[in-house]
Amino acid sequence: MKQKWPKATGNQLIYSLLRNARQWPAKDAIREKEYGVWQTYTWRDYAEQVRRLGALGCRYLQLDDTSLA
């Protein structure tokens, strides 16, 4: 029987990412092959990349801290 997973909302994904980054900051989160060499990213690295991408998105949309309240 195929297991059905509940649909994840954006908030659930972010909370899961932050939880994993807190609990296992140095553990491997993602491995990908780049130019024939495996690259490993920890949960801390992954959370930082997501934070930077979010910051760039906010800057592009011209949002500041008061816009998000």
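The values are calculated or read from the model by the stated rules, or taken from the named source; none is laboratory data. Note that the structure is predicted; figures quoted are calculated from it, not measured. A quick note on method: Cβ atoms are made from the backbone with ideal geometry, for glycine too, and the neighbour counts reach across all protein chains shown. Heads up: the accessible areas ignore ligands, DNA and RNA and are worked out on the full protein's heavy atoms, side chains in. Shrake-Rupley method; radii C 1.70, N 1.55, O 1.52, S 1.80 Å.
If you go through the range 49-66 one residue at a time, how many are open to solvent by 60 Å² or more (accessible area, probe 1.4 Å) and at negative phi?
Keep residues of the range 49-66 that are open to solvent by 60 Å² or more (accessible area, probe 1.4 Å), which gives 49, 51-53, 56, 59-66.
Those left that are additionally at negative phi: 49, 51-53, 56, 59-61, 63-66.
Count: 12.
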Only residues that are of a type in the set (A, V, I, L, M), open to solvent by 70 Å² or more (accessible area, probe 1.4 Å) and not in a helix (DSSP H, G or I): list them for the range 10-35, please. ALA26
Expected output for the range 52-68 (first residue modelled with pLDDT under 75, partner surrounded by 10 or more Cβ atoms within 10 Å (Cβ to Cβ), Cβ below 6 Å, 6+ apart or cross-chain) is none
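Select from the range 36-48 the residues that are open to solvent by 100 Å² or more (accessible area, probe 1.4 Å) and in a helix (DSSP H, G or I) and list them in ascending order.
ARG44
Going by the conditions given, is TRP24 at pLDDT 90 or above and in contact with a Pro (Cβ under 7 Å, 6 or more places away or on another chain)?
no
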